[in-house]
Amino acid sequence: MIRIQARTEPSSLMKVLSPVLAIVLTLIFGSILFTAIGKSPSQALHVLLIAPLADSYNIGEMFVKMAPLLLCAVGLSLCYRANMWNIGAEGQLLAGALGGSAMALYFIDSDSVFALPITLLAGMVSGMLWSAIPTFLKLHFNSNLILTTIMFNYIALYLLIWAVHGPLRDPDGYGFPESAMFSDATMLPTLFESSRTHLGIVFAVLAGVVGWFILSKTHLGFQIRVFGADEPAARYAGFSGKKLSWFVMLFAGALAGLAGIGETSGPIGQLVPNVSPGYGYSAIIVAYLGRLHPIGAILAAAFMAVLYMGGDLAQIEMGIPVAVVSMFQGVLLFFLLACDFFINNRLSFTNQATN
Amino acid sequence: MDSDLIIQILFAAIKTGTPLLFIALGEVICEKSGVLNLGQEGMMLMGAVVGFLAAYTTGNAGLGVIAAMLMGSIMSLIFAFLVLHLGANQVATGLALTIFGTGLSAFIGSGVVGQTLQGFQPIAIPLLSDIPYLGRILFQHDILVYTSFVMTFVLMFVVNKTRIGLTLKAVGENPHAANAIGIKVLRVRYLAVMFGGVMAGISGAYMSLVYTPMWVENMTAGRGWIALALVVFASWRVGRIMLGAYLFGLASIMHLVLQGLGWSISPNLLAMLPYVATVVVMVIISADKFKEKLLSPRSLGKPFDPRQMA
C-alpha cells in the first residue's frame, strides 16, 4: 500500500529534481494532447524542442528571446524571495520600452556615443518608475501588490498604444501606429554576423550573476532570504521590510525596463504596439522553474526561449496555434507545483499485512 | 445631458457590470471559505470560449451557458486539488490557472475567431419594464442579467441568514475551530472554489454570448482581475458587490459617455480608466490597514492541513 508521509526535513534533491520532472510530465501531457488533435506527437515535440536548436541562426534567435525572459525573471526571483508578489514585469517591460524609445527618438539624428547608454538608462528608469508606484501604494496605503501591478500592466499597455498612435508615431509612416526606425547610434550592437543576437543577452546573463551575488554573497541578500522564509524572525532581527521591498521592486523594475528597451533597440528597431508576446508573464514561470535562483533562471529562461521559438515553428510547419506555448507554460507550472509537494512529503510503500 | 442619454448610460453600466458581478460573486464565496483563487481570468476565458463553441455548434445559447459553467468548475477543480490537497501556494497556483486558461482558450478557440452568433435577446419584463425610467434601466435586459439579480439576492440570504453561510464563514475565519466542531473544512473549501469556477464560467459566457457575441483571444481584458479588486472594494459583503460591479461597469463605458458629451480624448487613454479606477479604489479602501484586517476572512490564503494543530 502506498501512503503519503511528511518528511522530517525538506528534500534538497527534490528541490532540484522537481523542475526536471515537471518538464518531463509537461512533454508527456503535450504528446497526449497532440495525439488527441490528430498531430504526430513525435513530430510536434521535434518541432517544439529540437528544431529551434537546429542551426546557428536559430540558436542566435534563442538568445534573442532568452534575454527579456531572463532579465525579468532575475528581478522576479528576488521579489518573490522577499514575499513581494510582483506580477508587473510585463508592464515594467512595456514602460521601459516606451520611456527608452522616447529617448531613442530624441536621439534620432544623433551619432553620439552616449546616445545608446542614455537610451538604455531611460528604459531602466521608466521600468523602475513603473514598479515604484505600486510599491509606494503597497507600503504606504496597504494596497494589494498583486492587483496593482496587474492593473499597471494594462495601464502601461494602453499608454504605449496611445503613444504609437499619437506623440511617438512616425510622421512619415503613412499613419501606421509605429514610431520611426531608430538610428544606429541607439541600437544595441549585434554580437555575431548574420544573427540577431544582441548585447541584451550579455546584460541578461550578467543580471543573473549579479542577482546571484546579491542573494548569496551580500548581507542584503541574506536579509531578503530571512525575510522571505520567516518574516517575524526578520523583523525581530531588526531588518527593515520597507527597505528590502523597495530594493527588490526597483531592481526588478530596472531589469524589466532594460528588457523592454532591449526589444525596441534590439530586434525590433522601433516602437510598435506589440513589443512583447507576454515575456513579463512567462518570466513568472521562468522564475519558479529556476527555483527563484538567479542562476537557475538562466537555465529556465533558455528552456522557455526554445519553447517560444518552437511555438512559432509549430504554427508555421504544422498549423498548431501559437497559443499552445502559453498553455504549456501553465501546465508546466501546475506540474511544478504538484511535484513540489514531494519536497516536504514522500511516498512510503508499506505492506498492509504486516501493519 | 438629457434623461434619455442618462437612461442609456445606466442601462449600459448594468450590462457592462454584469460579467463583473457574476465572477465577483463567485470569488467572494471562495474567499469567504479562506481560499484566494487568482485564476479568475483564466476560468473566465475558458468559460467564454467553451460557451461560445457550444452555442456555435448547437445553435443553443442556453447550452453554451451550461457548458461554460461545467468548464469553469473543471478549471477550478485543478486549482482546488493543487491548493487543498497538495498544499501548493495559492498565489502561484492561481497565476498558473490564469496562464493556462489564457493559452488553452486561445488554442481551442483559434478556429472560430471572428465568427458571430445569435446570443441571448433582451426580454422586457411585463409591467416592471413600464415603470418610468427604472423600467428601461433595469427590466429590458437579457435573461442572464435577471439571473444575476436573483443570484445576488439568493447569495445575500444564504450567506447572512442560513446555516450554510455560517459554516462557510466558520471555515474562512478559523478552520481549526471549524474542524474541531466537526465541519469538513476541505469539503467546504472544495465546494466554495467550485462555486467560484461555475460563476467565472457564466461570467465568461456572458462576454462571448451577450456582451460581444463572438470569441476573440483575451476578450475578458482583465475583468477577472478587476473582480478580485471588487471583492476587496465590497469588503467581502455580497450586497456591496452588486453596487461595485455597476460602478466599475460605469467606469468601463466612461469613454462612450465622454464621447457623447463631445469631449475629444484619445480612446486609448480612456481605455485605461477601469484599471486606473481599480487602483484608486483599492488605495482608498485598503488604506486603513486595521479595518481591512478586520473585514477580510482571517484564514484567507492560508493552507489548512487537518493533520496539524493550530
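The values are calculated or read from the model by the stated rules, or taken from the named source; none is laboratory data. Being a predicted model, the structure only gives us computed values, none of them experimental. Neighbour counts run over all protein chains shown; Cβ positions are idealised from the backbone, glycine included.
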Task: Matching residues, the range A:191-236, being part of a helix (DSSP H, G or I) and among the hydroxyl-bearing types (Ser, Thr, Tyr) - done: A:Ser216, A:Tyr236
- [ ] From A:Val202, A:Val226, grab the single residue that is closer than 14 Å to A:Val64 by Cα, surrounded by fewer than 21 Cβ atoms within 10 Å (Cβ to Cβ) and free of Cβ contacts under 8 Å to residues at least 60 places away in the same chain.
- [x] A:Val202
- [ ] State which residue pairs qualify: first residue under 16 Å from A:Glu178 (Cα atoms) and buried (at least 24 other Cβ atoms within 10 Å of the Cβ) and inside the range A:94-120, second residue at pLDDT 95 or above and among the charged types (D, E, K, R) in any location, beta carbons under 8 Å apart, and separation of 6 or more residues or different chains.
- [x] A:Ala97/A:Glu263
Task: Contacts under 8 angstrom Cβ, first residue in the range B:249-278 being aliphatic (A, V, I, L, M), partner in a loop (DSSP other than H, G, I, E, B), 6 or more apart - done: B:Leu258/B:Ile265; B:Leu261/B:Met1
- [ ] Output yes when any residue across the range B:48-55 is away from every other protein chain (no Cβ under 14 Å), part of a helix (DSSP H, G or I) and in contact with a strand residue (DSSP E or B) (Cβ under 9 Å, 6 or more places away or on another chain), and no when none is.
- [x] yes
Task: In the range B:63-89, the residues that are under 23 Å from A:Ile146 (Cα atoms) and within 20 Å of the chain's Cα centre (by Cα) - done: B:Gly72, B:Met75, B:Ser76, B:Leu77, B:Ile78, B:Phe79, B:Ala80
Open item on the list: For the list (1) among the small types (Gly, Ala, Ser); (2) surrounded by 14 or more Cβ atoms within 10 Å (Cβ to Cβ); (3) over 21 Å from the mean Cα position of the chain (by Cα), I need the number of the one condition that B:Ser252 fails.
Closed with: (3)
Task: For B:Ala221: the one exception among (1) farther than 24 Å from B:Lys293 by Cβ; (2) free of Cβ contacts under 8 Å to residues at least 60 places away in the same chain; (3) in a helix (DSSP H, G or I) - done: (3)
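Looking at the range A:118-140, can you tell me whether even one residue there is more than 21 Å from the chain's Cα centre (by Cα), within 14 Å of another protein chain (Cβ to nearest Cβ) and assigned to a loop (DSSP other than H, G, I, E, B)? Give the steps one after another, and end with the answer.
First, pick out the residues of the range A:118-140 that are more than 21 Å from the chain's Cα centre (by Cα): A:118-119, A:136-140.
From what is left, the residues that are within 14 Å of another protein chain (Cβ to nearest Cβ) are A:136-140.
Those left that are additionally assigned to a loop (DSSP other than H, G, I, E, B): none.
For the range A:118-140, residues more than 21 Å from the chain's Cα centre (by Cα), within 14 Å of another protein chain (Cβ to nearest Cβ) and assigned to a loop (DSSP other than H, G, I, E, B): absent.
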Task: A:Ser195 being of a type outside the set (A, V, I, L, M), surrounded by fewer than 19 Cβ atoms within 10 Å (Cβ to Cβ) and at pLDDT 90 or above - done: no
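Considering only the range B:111-144, state which residues are of a type in the set (Gly, Ala, Ser) and within 22 Å of B:Thr58 (Cα to Cα). Walk me through it before giving the result.
Narrowing the range B:111-144 to residues of a type in the set (Gly, Ala, Ser): B:111, B:114, B:119, B:124, B:129, B:135.
Selection gives B:Gly111, B:Gly114, B:Gly119.
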Task: Residues within the range B:90-99 that are at the interface with chain A (Cβ under 7 Å from one of its Cβ atoms), over 18 Å from the mean Cα position of the chain (by Cα) and not β-branched (Val, Ile, Thr), tallied - done: 2
Open item on the list: When you check B:Ile265 against the structure, is it more than 8 Å from chain A (Cβ to nearest Cβ) and under 24 Å from the mean Cα position of the chain (by Cα), yes or no?
Closed with: no
- [ ] Output the residues belonging to the range A:170-180 that are more than 12 Å from chain B (Cβ to nearest Cβ) and surrounded by fewer than 21 Cβ atoms within 10 Å (Cβ to Cβ).
- [x] A:Asp170, A:Pro171, A:Asp172, A:Gly173, A:Tyr174, A:Gly175, A:Phe176, A:Glu178, A:Ala180
Task: Long-range neighbours under 9 Å by Cβ, at least six apart or interchain, first residue on the phi > 0 side of the Ramachandran plot within the range A:294-314, second buried (at least 24 other Cβ atoms within 10 Å of the Cβ) and of a type in the set (D, E, K, R) - done: none
Open item on the list: Scan the range B:65-77 and tell me whether some residue there is in contact with a Gly (Cβ under 6 Å, 6 or more places away or on another chain) and within 14 Å of chain A (Cβ to nearest Cβ).
Closed with: yes
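Residues that are closer than 17 Å to B:Ala245 by Cα: list the helices (runs of 4 or more DSSP H) wholly contained in the range B:139-191 that include at least 2 such residues.
On the way: elements: B:143-161, B:163-173, B:175-180.
The helices (runs of 4 or more DSSP H) meeting that bar are B:143-161.
Conditions (1) free of Cβ contacts under 8 Å to residues at least 12 places away in the same chain; (2) closer than 20 Å to B:Ala12 by Cβ, marked per residue:
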{"position": "B:Leu138", "(1), (2)": "no, yes"}
{"position": "B:Ile143", "(1), (2)": "no, yes"}
{"position": "B:Val154", "(1), (2)": "yes, no"}
{"position": "B:Val159", "(1), (2)": "no, no"}
{"position": "B:Ile164", "(1), (2)": "yes, no"}
{"position": "B:Thr167", "(1), (2)": "no, no"}
{"position": "B:Ala178", "(1), (2)": "yes, no"}
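For the range A:237-337, which fully contained helices (runs of 4 or more DSSP H) count at least 2 residues that are more than 11 Å from every other protein chain (Cβ to nearest Cβ), surrounded by fewer than 22 Cβ atoms within 10 Å (Cβ to Cβ) and over 13 Å from the mean Cα position of the chain (by Cα)?
Numbers: elements: A:241-263, A:279-289, A:294-318.
Result: A:241-263, A:294-318.
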Task: Single condition B:Thr93 does not satisfy, out of (1) surrounded by fewer than 24 Cβ atoms within 10 Å (Cβ to Cβ); (2) of a type outside the set (Phe, Trp, Tyr); (3) modelled with pLDDT of 90 or more - done: (1)
TODO: Check off (1) closer than 19 Å to B:Leu20 by Cα; (2) away from chain A (no Cβ under 11 Å) for B:Asn60 and give me the number that stays unchecked.
DONE: (1)
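Out of B:Val83, B:Val113, I need the residue that is within 11 Å of chain A (Cβ to nearest Cβ) and surrounded by fewer than 21 Cβ atoms within 10 Å (Cβ to Cβ). Which one? First the steps, then the outcome.
Values: B:Val83 fails: surrounded by fewer than 21 Cβ atoms within 10 Å (Cβ to Cβ).
Selected residue: B:Val113, the only one of B:Val83, B:Val113 that is within 11 Å of chain A (Cβ to nearest Cβ) and surrounded by fewer than 21 Cβ atoms within 10 Å (Cβ to Cβ).
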Open item on the list: Testing B:Ala221 on (1) on the phi < 0 side of the Ramachandran plot; (2) within 14 Å of chain A (Cβ to nearest Cβ), one condition comes back false. Which one is that?
Closed with: (1)
- [ ] Answer with yes or no whether A:Ala207 is touching a helix residue (DSSP H, G or I) at 6+ places or on another chain (Cβ under 8 Å), more than 14 Å from chain B (Cβ to nearest Cβ) and touching a residue at least 24 places away in the same chain (Cβ under 8 Å).
- [x] yes
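Looking at B:Val231, is it among the hydrophobic types (A, V, I, L, M, F, W, C), under 24 Å from A:Asn144 (Cα atoms) and within 14 Å of chain A (Cβ to nearest Cβ)?
Details: among the hydrophobic types (A, V, I, L, M, F, W, C): yes; under 24 Å from A:Asn144 (Cα atoms): yes; within 14 Å of chain A (Cβ to nearest Cβ): yes.
Answer is yes for this residue.
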TODO: Being in contact with a Phe, Trp or Tyr (Cβ under 9 Å, 6 or more places away or on another chain), among the aromatic types (Phe, Trp, Tyr) and assigned to a helix (DSSP H, G or I) narrows it down to one of A:Phe34, A:Phe29, so name that one.
DONE: A:Phe29
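So which helices (runs of 4 or more DSSP H) stay within the range B:231-302 end to end and still have 3 or more residues that are within 20 Å of B:Leu25 (Cβ to Cβ) and either among the hydrophobic types (A, V, I, L, M, F, W, C) or modelled with pLDDT under 85 (or both)? Spell out the reasoning first.
On the way: elements: B:238-252, B:254-260, B:267-270, B:273-286, B:289-295.
Once the helices (runs of 4 or more DSSP H) in the range B:231-302 are filtered for at least 3 residues that are within 20 Å of B:Leu25 (Cβ to Cβ) and either among the hydrophobic types (A, V, I, L, M, F, W, C) or modelled with pLDDT under 85 (or both), what remains is B:238-252, B:273-286.
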TODO: Output yes when any residue across the range A:145-158 is over 30 Å from A:Leu299 (Cα atoms), more than 9 Å from every other protein chain (Cβ to nearest Cβ) and small (Gly, Ala, Ser), and no when none is.
DONE: no
